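The numbers here are math on the coordinates, done by the rules we state, and not lab data. Bear in mind the structure is a predicted one, so any value in this text is a computation, not a measurement. With ideal geometry, Cβ positions are generated from the backbone for all residues, glycine too; neighbour counts draw on all protein chains shown.
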């Protein structure tokens, strides 16, 4: 029987939850853009970024099944909070919607870099995927700033709230 690597299991569990959360945030943003806020350019930007998140989520969904890893028990809550964060940030306006993306991606950048640093040669293909996904996330962060994300004024508080929430969700999802 092959020994399971608990650290790799944690990585996959939390990355699955995180990428699914990203999809839910974008779904919430698109819900707002399709109902309340009319901004076709922002809608197109978010739809384009969502494509990457769906790809990332599907990869980790497959890894969870392939490696027989239990997903986090908090998925239903993360789904709800992701939708709410996406919807809420978008009804606050384009700057807030883009800050939501930038704030989450800044946390994910550090998170993925930490995993990349810890993964050994026995997880070469997983490491390669995480490196590619990190590059996608950094690209999303750059787009968010190009499209108006800011941390000036009250947006700095929003940034701190989103980052703190993201870090808490990561810690919980690694373990439960």
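So how much slack lies between residue 163 and residue 10, counting 0.36 nm per residue of separation and subtracting their Cα-Cα distance, in nm?
Answer, rounded to one decimal: 53.1 nm.
Could you check the spin-label model distance between residue 51 and residue 39? Points 7 Å from the Cα along Cα→Cβ, value in nm.
In this crude spin-label approximation the distance works out to 2.1 nm.
Would you mind ranking 171, 134, 20 by Cβ crowding within 10 Å, fewest neighbours first?
Result, fewest neighbours first: 171, 134, 20.
Within a 10 angstrom radius of the beta carbon, how do 164, 90, 150 rank from fewest other beta carbons to most?
Final ranking by Cβ density, sparse to dense: 164, 150, 90.
Of the listed values (i) 17.7, 53; (ii) 16.0, 56; (iii) 22.7, 86, grab the one calculated as Rg and Dmax of the Cα atoms in Å from the structure here.
Derived directly from the coordinates: (ii).
Given contacts defined as C-alpha pairs under 8 Å and at least six residues apart, what's the relative contact order of the chain, whole-number percent? Write down the numbers at each step before the final one.
Numbers: 195 pairs, mean separation 53.5, N = 176.
Relative contact order for the chain comes out at 30 percent.
Which order do 59, 11 fall in if you start with the one that has the fewest other Cβ atoms within 10 Å? Don't skip to the end; give the middle numbers.
Values: 59 19, 11 25.
Sorted ascending by nearby Cβ count, the order is 59, 11.
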